[in-house]
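Undergrad: Got a structure for you, questions after.
The values are calculated or read from the model by the stated rules, or taken from the named source; none is laboratory data. None of these values were measured; they are calculated from a predicted model. Ideal geometry is used to build each Cβ from the backbone, glycine not excepted, and the neighbour counts take in all protein chains shown. Remember, those area values only see protein heavy atoms, side chains included, never the ligands or the DNA or RNA. Shrake-Rupley method; radii C 1.70, N 1.55, O 1.52, S 1.80 Å.
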Amino acid sequence: LQEILMTAAADIKTPIMTCPLLKGKTNDDASQITDKLRKITVADIIKSMEVSVIPFAVHGGEVCSIHKLKINLYKPEHYPKHTDITEEDWEETMTVTFLRKLEDAIETHMKMLLRIRGIKIEKDNGPKSGNETDNDDSDSGKKTGGDDEDDDDEGEDTEADDLGADEQKRKKQATDEQDYEESDDDEKNEPSSVSGVVDPEMDDDEDEDGEVSKEETPEEDKEDTLEAKKEVKSVQQESKKKKRQRFVSGEKDRHIFAEGKGKTFEVHFKFHKNEPHILLAQVAQKTAQKVYVQNLGKIERCTVANCGDPQVIYYGDNPKERAEISNEEKKASPALHASGVDFAGLWEFQDKLDVRYLYSNSIHDMLNTFGVEAARETIIREINHVFKSY
């Protein structure tokens, strides 16, 4: 109640969506939708991961170490049955999206390791002790033997250096921590362009469409031309489906070999001899949890429910009359219960869902999508839902 009336946040903590299925649809239809809305990460389909290291190798005329990463994929028991994802999609995800994300993660991790190494070196080569500085000052005074004013200036400089050494160390550690936090934030808020996945342009297809439409044919061959156009369109549609995303390389990419075949993926990375050792398996596991094989929207989780759920709106075939329906009839009608808000994602399944009863407990989303009256009704429903248990 406090979140509804007092906080009134645009992004609520527990957003949900509910929608009943059309009359005549079964739980099997509902499970098909949930399988297509479910998020599948690369980590969900990894069976095993192997890392082997060649400590000394020569590549491109440079002495380096080569880390070989081999990943075996599989379909687990909880893998969605009703999904359009194929092994070709797995291969594309691994060789394009996952590889790009892994390259970025390795670069970020190496920067962190280099910062840590730099801090340790500075600690080892830190400011000298007081006795050493005094001896150095006395030796330098004997060697120079200059005027009194010069000696005073040198004394002031050494005192400033001694006083500023600790401050400089503190400032450098603060900047290192700030840079590290900024790098983590950049990784979290990474724009879509950084992912390295670029959709191929369809300019060639559009030009072909234009050329086909500009062709002038005699009236006698109209039927033949119509059939030819249909064949051309079908071929173009097939070519569009076959076109895949391509990997966009970066300036600091380390991989020298990458190959994906069916359920196996292998990549080799090159590291210079002066660079710190990296635990590639841990970096790959964290990256696999962030890369999605299937991700159709903002819905985190979707389950099959029924219209007896108190958060599901259902008044039968005619929603304007709002006729009372028995609980038995409501429980016999399947519905969807989703965590997250994505109206556009559920509208794509309007051939199976009764989108007239599409509902969310997010007042701001209901206001922006359906208007102020829907938002008002949502507030009333949510307050009644809170006090109904009392």
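Undergrad: Under 12 Å from A335 (Cβ atoms) and out of contact with any Leu (no Cβ under 6 Å at 6 or more places or on another chain): which single residue out of K13, K36, K25 fits that description?
TA: K25
Undergrad: Restricting to the range 339-374, name every residue that is of a type in the set (A, V, I, L, M), crowded, with 18+ Cβ neighbours inside 10 Å and in a helix (DSSP H, G or I).
TA: L346, I363, M366
Undergrad: Further question: If Y79 satisfies every condition in (1) buried (at least 18 other Cβ atoms within 10 Å of the Cβ); (2) not in a strand (DSSP E or B) but one, which is the exception?
TA: Only one criterion is unmet by Y79, namely (1).
Undergrad: Go through the range 33-79 and report how many residues are without any contact (Cβ under 8 Å) to a residue 60 or more places away in the chain and not assigned by the TED database to the domain that holds H268.
TA: The qualifying residues number 1.
Undergrad: Next question. Mind listing whichever residues of the range 18-34 are open to solvent by 30 Å² or more (accessible area, probe 1.4 Å) and in contact with a Pro (Cβ under 7 Å, 6 or more places away or on another chain)?
TA: Hits for the range 18-34 are K25, T26, N27.
Undergrad: If P20 meets every condition in (1) at pLDDT below 90; (2) over 27 Å from the mean Cα position of the chain (by Cα) apart from one, which number is that one?
TA: Going through the list (1) at pLDDT below 90; (2) over 27 Å from the mean Cα position of the chain (by Cα), P20 breaks only (1).
Undergrad: In the set K298, K320, which member is under 33 Å from the mean Cα position of the chain (by Cα), in a loop (DSSP other than H, G, I, E, B) and of a type in the set (K, R)?
TA: Criteria check complete, one pass: K298.
Undergrad: Is it the case, given these coordinates, that R322 is touching a Phe, Trp or Tyr at 6+ places or on another chain (Cβ under 7 Å) and modelled with pLDDT under 90?
TA: The answer is yes for R322.
Undergrad: Go through T14, T97, T18 for me and flag whichever is in a helix (DSSP H, G or I), among the β-branched types (V, I, T) and in contact (Cβ under 8 Å) with a residue 60 or more places away in the chain. Break it down stepwise before answering.
TA: Values: T14 fails: in a helix (DSSP H, G or I); T18 fails: in a helix (DSSP H, G or I).
Going through T14, T97, T18 in turn, the sole match is T97.
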